[in-house]
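A.B. asks: Pasting in a structure now, in structure tokens, and then I'll have a few things to ask.
The values are calculated or read from the model by the stated rules, or taken from the named source; none is laboratory data. Being a predicted model, the structure only gives us computed values, none of them experimental. Using ideal geometry, Cβ is built from the backbone for each residue, glycine included, and neighbour counts are taken over all protein chains shown. Each accessible area value is taken on the protein alone, full model and side chains, heavy atoms only, with ligands, DNA and RNA left out. Shrake-Rupley method; radii C 1.70, N 1.55, O 1.52, S 1.80 Å.
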Amino acid sequence: MLRGFYTAASGMLAQQRRTELLTNNMSNANTTGYKADQLSVRSFPEMLISSMGGETVPTESKLSMSNFSQVGGLSTGVYVQEANPLFTQGTLEETQLNTDISLVDENLPINEETGRQGSVFFTVQDGDGAIRYTRNGSFTLDGQGYLTTPSGHYLLNESNEKIQLDSDRFTVAENGVILEGNVQTARLGIGYSDDPSLQLMKDGEGLYKAVNDGDLPSAYAAADVGFSTKQGFLEGSNVDQSRTMTEMMSAYRSFEASQKVLQAYDKSLDKAVNEVGRL
């Protein structure tokens, strides 16, 4: 009976975690460049339940398959394995601001080993010099003319150097080149990951950091990678609000069902202790 108690409890915990993740996705549905998280729920290995035959307890010498008769399998519950972002392209929204830049996925190869598609990212740097990556192209010019993110991270060029401009009257070509007048000032630093779910982890404020603190290779040098940059546009969130709401309702009902099972086990244990124990 206690095995079933723990199985139902594990289901409740998994659905609670799923609800929290979906709620976070919904709250970021209007966040620029946000990538929706997906939850992987796995079941623990099933146990094969058998009954021991005979009137005596079998010793080690007598223990054999003939002493047992198969009863069936028993599920031992579920658990949340991991939560990975979904790196599909979000919708583009026109802002007409020169400092707003979006990445447009065109030809991103599929990783042969994992079956997942690669992705490209802006390369930025925090105040401590650490390299981070983002799809949020909402940039601004600070007091010294450097292009920065809303949280103050510096946008880097393809040589991992800060980009400093004379004014906000600049042009970004589709190939990532920044022009002031007819003079090329810099080229946007764009990193490429052939499997961002494995190579990147979320670092808050729409940023990602490379696993093991490594750096992503340049997207310009990656073979068969096609993308472009679009000035005056921002990439919106890729959260599907209708689907997320449906999944939230499903998670809540699954949680409720596990809760009912848990309550039934609790009542059974109460009877076993307080009523059967009196006999």
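A.B. asks: Just need a number here: residues in the stretch 234-274 that are of a type in the set (S, T, N, Q), free of Cβ contacts under 8 Å to residues at least 24 places away in the same chain and under 18 Å from N24 (Cα atoms). Please lay out each step first, then the result.
C.D. replies: First, pick out the residues of the stretch 234-274 that are of a type in the set (S, T, N, Q): 237-238, 241-242, 244, 246, 250, 254, 258-259, 263, 268, 274.
Then drop every residue that is not free of Cβ contacts under 8 Å to residues at least 24 places away in the same chain, which leaves 242, 246, 250, 263, 274.
Then keep just the ones that are under 18 Å from N24 (Cα atoms); that gives 242, 246, 250.
Total meeting the criteria: 3.
A.B. asks: Another question about this same structure. Return the residues of the stretch 176-187 that are open to solvent by 80 Å² or more (accessible area, probe 1.4 Å) and either of a type in the set (A, V, I, L, M, F, W, C) or closer than 26 Å to L216 by Cβ (or both); say none if nothing qualifies.
C.D. replies: V183, Q184
A.B. asks: Further question on the same structure: Just to be sure before I move on: is L207 touching a residue at least 12 places away in the same chain (Cβ under 8 Å) and in contact with a strand residue (DSSP E or B) (Cβ under 9 Å, 6 or more places away or on another chain) in the structure I sent?
C.D. replies: yes
A.B. asks: Based on what the data block shows, is A251 open to solvent by 40 Å² or more (accessible area, probe 1.4 Å) and either among the aliphatic types (A, V, I, L, M) or not in a loop (DSSP other than H, G, I, E, B) (or both)?
C.D. replies: When the stated conditions are applied, A251 does not pass them.
A.B. asks: List pairs: first residue in the stretch 142-153 and assigned to a loop (DSSP other than H, G, I, E, B), second residue charged (D, E, K, R) and modelled with pLDDT under 95 anywhere in the structure, Cβ distance under 6 angstrom, at least six positions apart or on different chains.
C.D. replies: S151/E205; H153/D126
A.B. asks: Could you please tell me which pairs satisfy a Cβ distance under 6 Å, a separation of 6+ or placement on different chains, a first residue in the stretch 108-121 that is farther than 19 Å from N136 by Cβ, and a second residue that is assigned to a loop (DSSP other than H, G, I, E, B)?
C.D. replies: Within 6 Å, the pairs are P109/G118; P109/D224; N111/D194; N111/D195; T114/D195; R116/D195; Q117/L108.
A.B. asks: Still on this structure, please answer the following. Sort out which residues of the stretch 151-204 are of a type in the set (D, E, K, R) and either under 17 Å from V120 (Cβ atoms) or in contact with a Pro (Cβ under 8 Å, 6 or more places away or on another chain) (or both), and write them in order of number.
C.D. replies: Within the stretch 151-204, E158, E174, R187, D194, D195, K202 qualify.
A.B. asks: When the stretch 112-170 is examined, which residues are found to be surrounded by fewer than 17 Cβ atoms within 10 Å (Cβ to Cβ), under 18 Å from K230 (Cβ atoms) and among the hydroxyl-bearing types (S, T, Y)?
C.D. replies: T140
A.B. asks: Please work out which residue is nearest to A210 (Cα to Cα), limiting yourself to the stretch 109-135 and to residues that are touching a Phe, Trp or Tyr at 6+ places or on another chain (Cβ under 6 Å) and aromatic (F, W, Y).
C.D. replies: Y133
A.B. asks: Okay, next question. Limited to the stretch 76-111, what total is found for residues that are in a loop (DSSP other than H, G, I, E, B), open to solvent by 50 Å² or more (accessible area, probe 1.4 Å) and closer than 30 Å to A9 by Cβ?
C.D. replies: Summing the residues that are in a loop (DSSP other than H, G, I, E, B), open to solvent by 50 Å² or more (accessible area, probe 1.4 Å) and closer than 30 Å to A9 by Cβ in the stretch 76-111 gives 1.
A.B. asks: Sticking with this one: Considering the stretch 206-233 alone, what residues qualify as being open to solvent by 20 Å² or more (accessible area, probe 1.4 Å), assigned to a strand (DSSP E or B) and either of a type in the set (G, A, S) or within 22 Å of N25 (Cβ to Cβ) (or both)?
C.D. replies: Answer for the stretch 206-233, where residues must be open to solvent by 20 Å² or more (accessible area, probe 1.4 Å), assigned to a strand (DSSP E or B) and either of a type in the set (G, A, S) or within 22 Å of N25 (Cβ to Cβ) (or both): K209, S218.
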